[in-house]
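Since the structure comes first, as structure tokens, the remarks are kept for the end.
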Amino acid sequence: MIPVNDISKFLSSLPPGIKLVAVSKTHTCGEIMGIYQSGHKIFGENRVQELTYKYQQLPKDIEWHMVGHLQTNKVKYIAPFVHMIHSVDSMKLLSMINREAAKYNRIIDCLLEIHIARETSKFGFNREELKLFVLADELKDLHNIRLTGLMGMASFTEDEQLIRSEFRELREMFDEIRNQDCLPQVRFTDLSMGMSGDYKIALEEGSTIIRIGTLIFGARIVDV
Ligand SMILES: *Cc1c(COP(=O)(O)O)cnc(C)c1O
């Protein structure tokens with residue numbers, strides 16, 4: 001995969017209203033600054049320690065997204081500054097995000113992670129679990145989070161039909177909740193789907209946030 005050499009050109013090739021999260025995991029602060037200086041200020045990380053370190057080192061007007069699995073006991077490190085958490089997969093985690101956000105008088109936007117890929121995964125809800133989750137009583141008391149949509153990862157495969165059908169399924173779940181009467185904390189506007197290899201299909205299937213690493217920063221030496 002040949003990285004884009006001009007991020008602003010890449011951005012202008014995207015349909016209007018699409019948010020690009022530049023996934024900078026394993027890449028240095030210097031590399032991030034290169035992108036930052038060309039005007040893009042939205043970055044994503046998948047590990048708390050790396051995210052916290054980069055937040056401390058880098059300009060404070062960066063919008064940071066947590067895209068990886070998040071453990072309840074680590075929420076406290078990112079709660080002061082994180083803009084959006086893409087990977088909420090339990091009520092326990094969401095309650096902790098709410099509790100920590102309240103300490104800073106913040107409201108943190110959260111996406112529910114949905115398991116759409118064929119590969120087995122410990123993380124992410126299925127369709128039935130999602131339906132129950134957005135109706136759960138516990139949500140009523142959470143005033144420092146907002147559930148603004150869904151995140152999913154398609155199967156790692158060359159089979160474009162499979163990828164497309166998985167994204168389509170996620171889009172259907174998103175629409176279903178969006179059109180449903182929910183608590184004020186649940187207002188679906190964000191559909192985070194699409195990575196370097198499959199973002200074009202994701203956009204065709206209705207994605208509003210794409211998470212792109214390799215295409216922006218080049219290949220990762222250590223894959224995580
Ligand atoms: C690493 C990662 C990405 C970016 O992947 P690329 O294939 O390098 O674009 C997107 N989303 C999540 C959750 C990731 O961990």
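The values are calculated or read from the model by the stated rules, or taken from the named source; none is laboratory data. Everything quoted here is computed from the prediction, not taken from an experiment. Note that each Cβ is placed from the backbone with ideal geometry, even for glycine, and that neighbours are counted across all protein chains shown. These accessible areas exclude ligands, DNA and RNA; they are computed on the full protein's heavy atoms, side chains included. Shrake-Rupley method; radii C 1.70, N 1.55, O 1.52, S 1.80 Å.
A few notes on this one:
- Using a probe radius of 1.4 angstrom, the carbon and sulfur fraction of the accessible surface of the range 1-56 is 54%.
- Here the mean projected area of the convex hull built on the C-alpha positions of the range 134-224 is 7.4 nm².
- Relative to the globular-protein estimate of 2.2 N^0.38 Å, the Cα radius of gyration of the range 33-142 stands at 1.14.
- Placing a label point 7 Å from the Cα of Asp141 along the Cα-to-Cβ direction, the residues of the range 67-102 with a backbone N closer than 15 Å are 91-100, 102.
- Cross-linked pairs Lys74/Lys140; Lys19/Lys200; Lys25/Lys54; Lys19/Lys76: Cα-Cα separations exceed 20 Å for Lys74/Lys140; Lys19/Lys76.
- Value of Rg/Rh across the range 111-162 [Cα atoms, Kirkwood radius]: 1.08
- Cα gyration tensor shape of the chain, rounded if a/c is under 1.5, else prolate or oblate by comparing a/b with b/c: oblate
- Selection of trypsin sites (Lys or Arg not before Pro), the range 152-224, meeting DSSP coil and at most 14 other Cβ within 10 Å: Arg220
- Carbon-plus-sulfur accessible fraction, the range 94-224 (probe radius 1.4 Å, protein heavy atoms only): 49%.
- Residue-averaged 222 nm ellipticity for the chain, from DSSP H runs of 4+ at -39500 (n - 2.57), nearest 500: -10000 deg cm²/dmol
- Note that the chain presents 50 Å² accessible area per residue, ligands and nucleic acids not counted, probe 1.4 Å.
- Exposed loop sites here are chymotrypsin sites (Phe, Trp or Tyr not before Pro) assigned a DSSP state other than H, G, I, E or B and surrounded by at most 15 other beta carbons within 10 Å; excluding them, the longest clear run of the chain is 1-103.
- The range 116-131 residues near the modelled Glu176 label - backbone nitrogen below 12 Å, point 7 Å along Cα→Cβ: 126-131
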